[in-house]
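Working notes for the structure below.
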Amino acid sequence: MAELALSADDAELLAAFHGGLYLAEFERQREPLATWRQRLADRDGAYELCVVIAGDDLLDSRARAIHGAVVCEYYPKSSCGLITYLVVDPSKRKQGLGRRLLSRARTELTARANAKQRSLALVLGEVSNPDTRPEADALPARNRLQWFERQNARVLEISYVQPDLRSGLGRDRDLLLLAFFDHDAPRSIPSADV
């Protein structure tokens with residue numbers, strides 16, 4: 001299985017991920033493909049987009065199998081990273097791919113900070129709040145949150161509202177903001193420290 005960090009030249013592979021695994025797994029929080037294409041091409045904006053896709057035969061559109069991906073953003077002004085999407089095909093779960101993609105995202109974010117002669121100050125992430133999800137979605141959301149906690153992420157004790165990702169979608173008030181740590185994460189992080 002290969003991992004590939006996409007560039008603006010990988011438009012076809014980006015479209016295959018976006019139209020397949022991404023749309024299938026992120027029903028409510030869909031960013032337009034055009035936005036991703038623009039962000040991959042423009043590294044001088046408010047943030048830099050990074051998309052890493054894992055799978056087999058990724059460059060062969062007829063044989064390609066996308067097994068997972070991580071999407072993250074680097075914010076040069078604060079030198080912080082935000083992991084916005086981490087998805088693994090259900091048939092490939094519980095094999096360590098999610099952990100590998102999370103690690104790769106942190107490596108990519110660190111490299112972007114280093115390229116600007118900075119240290120990566122903080123890595124954040126978004127995850128569905130299991131306490132605000134409909135009953136049918138609460139258990140999967142709780143399992144995702146617990147998985148992130150096993151990866152040394154902790155929920156920030158602040159009210160978090162995701163901005164409107166596209167016109168008409170609306171702001172998402174059902175997310176938690178996580179902070180990722182290298183070792184021994186604290187049980188919680190007071191908002192005064194953020």
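The values are calculated or read from the model by the stated rules, or taken from the named source; none is laboratory data. None of these values were measured; they are calculated from a predicted model. Heads up, the Cβs are rebuilt from the backbone with ideal geometry, glycines too, and the neighbour counts pull from every protein chain shown. Ligands, DNA and RNA are excluded from the accessible area calculation, which covers all protein heavy atoms including side chains. Shrake-Rupley method; radii C 1.70, N 1.55, O 1.52, S 1.80 Å.
For the range 62-116, name all the residues that are within 13 Å of residue 17 (Cβ to Cβ) and open to solvent by 10 Å² or more (accessible area, probe 1.4 Å). If the condition is that a residue be within 13 Å of residue 17 (Cβ to Cβ) and open to solvent by 10 Å² or more (accessible area, probe 1.4 Å), then 64, 65, 66, 67, 86, 88, 89 are the ones that fit.
A single member of 33, 14, 86 is of a type in the set (A, V, I, L, M, F, W, C) and in contact with a Cys (Cβ under 9 Å, 6 or more places away or on another chain), and it is 86. Taken together, 59, 6, 40, 13 contain a single residue that is touching a residue at least 24 places away in the same chain (Cβ under 8 Å), of a type outside the set (Ser, Thr, Tyr) and surrounded by fewer than 12 Cβ atoms within 10 Å (Cβ to Cβ), which is 59. The criterion of at least 1 residues that are out of contact with any helix residue (DSSP H, G or I) (no Cβ under 7 Å at 6 or more places or on another chain) and among the hydroxyl-bearing types (Ser, Thr, Tyr) is met, among strands (runs of 3 or more DSSP E) falling completely within the range 40-130, by 65-75, 80-88.
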